[in-house]
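J.: There's a structure below that I have some questions on.
Read the figures in this text as sums done on the coordinates, not as results from a lab. As the structure is a computational prediction, the values presented were derived from the model and not from experiment. Note that each Cβ is placed from the backbone with ideal geometry, even for glycine, and that neighbours are counted across all protein chains shown.
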Amino acid sequence: MKRLIIYCTVVALAIVGLLALAPFKENLREELKIGAKAPMLETPVKDVSGKMITMKEVAGENGLLVNFSCNTCPWVKRWEDRYNPIAELARENGIGVIALNPNTASRERGDSFEDMQQRAEQSNYSFYYALDEQSKIAEAFGASRTPHIYLFNSDMELVYRGAIDDNARSAAEVEKPYLKNAIQELAAGKEITTKTSKSLGCTIKWPESE
């Protein structure tokens with residue numbers, strides 16, 4: 001009986017320990033620091049066109065904008081009216097643009113490749129929208145939410161990360177257009193005024209086997 005009690009106590013403590021660690025799993029992914037090189041640039045990803053591309057190929061002469069996005073997050077929907085204007089601004093300034101869908105665990109709940117194709121067509125996306133298989137690129141970036149923005153210069157060094165701006169609900173009421181300013185400053189060869197901001201959105205749906 002005594003051995004049974006000891007055994008049950010050990011098992012219970014082990015379970016409690018695992019549960020205590022679970023909420024911090026997201027934080028174990030260290031986010032890229034400003035100045036860090038973009039990882040996995042030559043990893044092929046499947047664009048909604050069906051074409052296999054790499055971030056290296058997408059990059060422009062002045063840099064690369066990576067947006068971790070998806071189909072199912074209401075925060076993405078709120079900011080989505082700024083996606084095409086931002087992409088156009090980036091291209092005008094020699095910066096390539098790609099959105100990556102890292103929601104591996106919700107592929108059968110609205111984030112499948114076919115769902116992405118439909119979303120890109122319905123929203124008339126004017127940029128690459130590709131599948132981040134098994135969330136590997138998001139993991140390498142340390143991304144945690146959708147949308148989550150990463151802007152790199154021509155040397156593929158991170159110069160800005162975070163949110164698109166400070167008002168998800170209304171483009172007309174934005175007071176701090178973080179990404180727009182960063183793109184313009186980068187293209188002008190200026191120091192980025194605001195290098196980081198808090199990314200607001202839905203948590204990335206990581207592979208369930210993790």
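J.: What Kirkwood Rh does the chain have if only Cα atoms enter the pairwise 1/r average? Answer in Å.
T.: The Cα-based Kirkwood calculation yields 18.1 Å.
J.: Could you list Met116, Met52 so that the one with the fewest beta carbons within 10 Å of its beta carbon is first and the one with the most is last?
T.: Met52, Met116
J.: Take Ser49 and Ser154, extend 7 Å from each Cα along the Cα→Cβ direction, and tell me the distance between the two endpoints in nm.
T.: Reported label-point gap for Ser49 and Ser154 is 2.5 nm.
J.: I would also like to ask the following. So if R0 is 22 Å, what FRET efficiency would Glu108 and Asp81 give, r being the distance between their Cβ atoms, rounded to the nearest 0.05?
T.: The calculated FRET efficiency here is 0.20.
J.: If I model a spin label as a point 7 Å beyond the Cα along the Cα-Cβ vector, how far apart are those points for Ser126 and Thr194 in nm?
T.: 2.3
J.: Quote the convex hull volume per residue of the stretch 91-210, based on C-alpha atoms, as a whole number of Å³.
T.: Enclosed volume per residue, from the Cα hull, is 121 Å³.
J.: Under a point spin-label approximation (7 Å from Cα along Cα-to-Cβ), what is the Glu30-Ala171 distance to one decimal in nm?
T.: If labels sit at Glu30 and Ala171, their model points lie 3.8 nm apart.
J.: If each DSSP helix of 4+ residues adds -39,500 (n - 2.57) and the sum is divided by the residues in the chain, what number results at 222 nm, nearest 500 deg cm²/dmol?
T.: -9000 deg cm²/dmol
J.: Oh, and also: Where does each of Val97, Val159, Val45 land when they are ranked from fewest to most other beta-carbon atoms within 10 angstrom?
T.: Fewest to most other Cβ atoms nearby, the residues stand as Val159, Val45, Val97.
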